[in-house]
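Here is the structure we will look at, set down as C-alpha cells.
The values are calculated or read from the model by the stated rules, or taken from the named source; none is laboratory data. Because the structure is predicted, anything quoted here is derived from the model rather than measured. FYI the Cβ positions are ideal-geometry reconstructions off the backbone, even for glycines, and counts take in every protein chain you see. SASA here: full protein model, heavy atoms, side chains in, ligands and nucleic acids out. Shrake-Rupley method; radii C 1.70, N 1.55, O 1.52, S 1.80 Å.
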Amino acid sequence: MKIAVIISESRYDIQSQALKGILEEAQKESVDVYIFTCNTSTGYLASGSMGAQGNDFMLLRYADYDGFIFYCDTIPDRKMVAMIAGEIKKTGVPALTVKDNLEGMLCLGIDNSAGIRSIIRHLVQDLKKRRIYFIAGPKYNTDAKERLVAYRETLSELGIEPKENWIAYGDFHPHSGRVILHDWVQKRKECGLPEAIVCSNDEMAMGVCQEAEKLGIKIPGDIAVSGFDNRLISILVEPTLSTVDLPGHEIGVCSAKKLFNALFHREDNIPSHISTRTILRRSTEPQLTEDNYEEAVNDLRTFYITDRTHTSNLLDAVRKMETDFADAASWDDFYQIIQEHIGLFEAEAFYLFTPRQEIEPDDNYVLDLLSGRQSASLNNDSEMTVAVAWENGKLKDYPPFKAVEMIPEEILKHNGHGYYVVYPLFHEKEMLGYCVAFNSPMAYGSEWFALFIQLVSSAMENLRRKAQLSHMVDTLNHLWIYDKLTGAYNRAGYAENADRILHEARHSGAELSVLFADLDRLKYVNDNFGHDAGDSFICEIAGILKQVFEPCGIVVRFGGDEFVAITGKLDRAGIEDVSRKIQDMIGDLNRSGRYDFPISASCGTVTRRASEIRELEELIEEADQLMYAVKAEKKRLMKE
C-alpha cells in the first residue's frame, strides 16, 4: 500500500516535523510514502503562481495511490490546488487535507486563532498597548488568513479598530520582517511607530528584531514583538521571542493516523483539530524568565556540535559542486559531479530523470531560440531517461520510460518498502526533469538538499542551453553550405570544400575529375507538370549524383538545374565509367514509370593532374563546355 503526500514546501521546521510524524506512522503500518514537494526560495510566492515548480503535481499519476495527505495551504496557485483536489477526488480513495476544508476529504484543522487572540489580549490588557501592528503571511496562505482575522477581531473586541496601514504582508522569511519594519519607521510621521508588532511566524518576527537592533529600537522597551510556530531558535534569540507553539510532529502523526484509520476502516478517535499554546517570553515582557531556557540551550548545543562538522562538509561540497557544475562541458561531466556528491545527503538511493530531448536537442530548439519561444515543457508523454541511478553507493543502468510512470516499476521493486521524495527540476517556466531520493531524511528537511536541487537545476539549464546553441550553430552551418531542396552542397559549400579537395589531390599526386550535369527540359516539366514535379526532377538527379559521388567526392548544386561533382579519387577512365553509370540509373528510373515525364541530364567530364590545375573553376568551365556539346548533340538527334 502507498500514499502520496503533496506539499509545496517541506524544509521549514513545522513541515519537516510533520513529515517526520507521517513517516513514523507509515512505517508502523508498512505503508510506502511518496512525498511530492518543491523546496525553493520561491516556494511561498506572493504572486500566487507556481509555474514549472508545480509540474510534478501534474505528472503525478493519482490513480496509483491508495490515499493522499494534501498540504494545500503551501501551494500558492489556487488553480493548481483545484486541479490537484479534482484529480484526488476522481480516485475515490481516502484523502486528508491539513488546515483547508475541501469537499469530499477528511480535514485536520489547526487552531490559528487562539494563540493570536491570547497574545493580543496580553498586549492590550496586561501591557496596556494600543497601537498594535500585524505582519501577515502571503494572502493565499490559510494560516496567514486565519491569523489576520484573529488579529482584526480581537482588537475590535477590545475596542481598538485596526487601521489598514497597521497591516503588512510578508512571505514568512526574515527578510520581509526587516523590510516591513524599515518601511514603518520611514513612514512614522504618517502613522506613528507601533507599540507592538504581532507576526504570523517566528521567521518574520526575528527579522523585525534584527532590523530593530540595526535601527537602535529596543525590544521590548520601544516595541514589543511576538511570533508564531515556536521554532527552537526562538528561545535563543535575544530577547527571547514570545510565540505560539504549533506542534508540527503532532500534526503529522494525527494526519497519518486519521488517513490510515480511513484506509483500514478503523474507528477514528483522532481529534480533528490541533490546539496551539501561547508562550510569553522577553520580547514582550523583559522581566519574564524561561523555565526551559537551559534545556533549550543544551538541546541546541548538542544539535550544533553534531551539525557543525556535517555543515562544514556540506558547505565545502556545495562550493565545489557550484564550481564543478559551472565548468561542466558535457552531460557526462554533469552526471559525474552528481555521482561524486550525492552520498553526502544520506539517501539509500537517488535518481535523476530527464527528458531524452533535453540531451538530444532537435531542430525545434533552434526555432524556439531564434523566435524567443520557450520549448515544450515536460508532460506525461515525454520519453524519460534515467540519467543517474545511484543505489547504496553504486551506479545502475535502467532503460528509458514514459514520464507518466514517474518512477519505473523496476526501480520500485529493487528498493522495496520506504519513502520517496520527488523534486521538480525547473528553470523559469520550464520543467527540465525531476529527481527522486529514497529513504533520505535530508531530502525533505534540509536547506542543503534544497540548495543542491537548485544547483542541479541551474547546471542542467546551462548545459541544455549549450547543447541547444551547439545544435543551432550546426544547423545554421548546414543551412549555410547545403542546398535545402536536394541536400547537395550549395555554392557556399563548394567554396568551403573546393580548396581542400584540390590541396589533397595535389598532395597525393592524384588526378582531379569534374563532372558537370545539366537537367534536360526542366522548363518544359515546370510549365506542363508544375513546379512540384520540377522539384522532384531536380531531386532525382541530385540523388543519383550523391549516390555515385559522395563516397569519393562532393556534389554541388551549382545553379537552378546545374550540378557539379568533384573527386580526387577517380582517373579519366573512372569518371567516364561513372558518367555512364549515371545515364544507366536515369534510364532505370524512366523505365520504372514513376513519372509522367522523361528524366534526363546531359553531362560533361574533365580529368587533369592536380599539380597542373591553377584554379578549380578552370576544370568546371571546361566540363561545362563539354556538357553543352553533349546537350547540343541530343538536340540535333531529336530534330533528325
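Taken over the stretch 472-492, residues that are touching a residue at least 24 places away in the same chain (Cβ under 8 Å) and either of a type in the set (K, R) or in contact with an Asp or Glu (Cβ under 8 Å, 6 or more places away or on another chain) (or both) amount to 5. G604 meets the conditions (1) under 55 Å from the mean Cα position of the chain (by Cα); (2) open to solvent by less than 60 Å² (accessible area, probe 1.4 Å); (3) not β-branched (V, I, T) in every case but one. The failed one is (1). Scanning the stretch 72-92 for residues that are open to solvent by less than 10 Å² (accessible area, probe 1.4 Å) and out of contact with any Cys (no Cβ under 8 Å at 6 or more places or on another chain) yields C72, D73, T74, I75, P76, I88. Scanning the stretch 533-589 for residues that are assigned to a helix (DSSP H, G or I), small (G, A, S) and more than 16 Å from R608 (Cα to Cα) yields a total of 7. Look at Y65 and say whether it is under 17 Å from P194 (Cβ atoms), touching a residue at least 40 places away in the same chain (Cβ under 8 Å) and either out of contact with any Asp or Glu (no Cβ under 7 Å at 6 or more places or on another chain) or surrounded by 23 or more Cβ atoms within 10 Å (Cβ to Cβ) (or both). For Y65, the condition - under 17 Å from P194 (Cβ atoms), touching a residue at least 40 places away in the same chain (Cβ under 8 Å) and either out of contact with any Asp or Glu (no Cβ under 7 Å at 6 or more places or on another chain) or surrounded by 23 or more Cβ atoms within 10 Å (Cβ to Cβ) (or both) - is not met.
Search the stretch 391-445 for residues being in a strand (DSSP E or B) and open to solvent by 30 Å² or more (accessible area, probe 1.4 Å), and hand back the single one that is modelled with the highest pLDDT.
Residue satisfying both the conditions and the ranking: Y419.
The lone criterion from (1) at pLDDT below 90; (2) within 23 Å of E348 (Cα to Cα); (3) under 22 Å from the mean Cα position of the chain (by Cα) left unmet by N380 is number (2).
Do we find a residue being surrounded by 15 or more Cβ atoms within 10 Å (Cβ to Cβ), among the hydrophobic types (A, V, I, L, M, F, W, C) and either in a loop (DSSP other than H, G, I, E, B) or in contact with a Pro (Cβ under 7 Å, 6 or more places away or on another chain) (or both) anywhere in the stretch 469-481? Show your work before the answer.
Quick first cut of the stretch 469-481, residues surrounded by 15 or more Cβ atoms within 10 Å (Cβ to Cβ) only: 471-472, 475, 481.
Filter again for among the hydrophobic types (A, V, I, L, M, F, W, C), leaving 472, 481.
Filter again for either in a loop (DSSP other than H, G, I, E, B) or in contact with a Pro (Cβ under 7 Å, 6 or more places away or on another chain) (or both), leaving none.
No.
Checking each residue in the stretch 537-575 for being within 46 Å of the chain's Cα centre (by Cα), open to solvent by 40 Å² or more (accessible area, probe 1.4 Å) and in contact (Cβ under 8 Å) with a residue 40 or more places away in the chain picks out C539, K546, R557.
Restricting to the stretch 441-465, give me the number of residues that are small (G, A, S) and within 16 Å of Q15 (Cβ to Cβ). Before the answer, list the steps.
Just the residues of the stretch 441-465 that are small (G, A, S), to begin with: 443, 445-446, 450, 457-459.
Pick out the ones that are also within 16 Å of Q15 (Cβ to Cβ) and you get 443, 445-446, 450.
Of the residues in the stretch 441-465, 4 are small (G, A, S) and within 16 Å of Q15 (Cβ to Cβ).
Residues that are crowded, with 17+ Cβ neighbours inside 10 Å number at least 3 in the following strands (runs of 3 or more DSSP E) confined to the stretch 103-201: 106-110, 132-136, 196-199. Please go through the stretch 498-536 and pick out each residue that is charged (D, E, K, R), over 21 Å from V555 (Cβ atoms) and within 53 Å of the chain's Cα centre (by Cα). The one that is charged (D, E, K, R), over 21 Å from V555 (Cβ atoms) and within 53 Å of the chain's Cα centre (by Cα): D532. For the stretch 260-272, the criterion of being open to solvent by 10 Å² or more (accessible area, probe 1.4 Å), among the acidic types (D, E), without any contact (Cβ under 8 Å) to a residue 60 or more places away in the chain and farther than 30 Å from R131 by Cβ is met by at least one residue.
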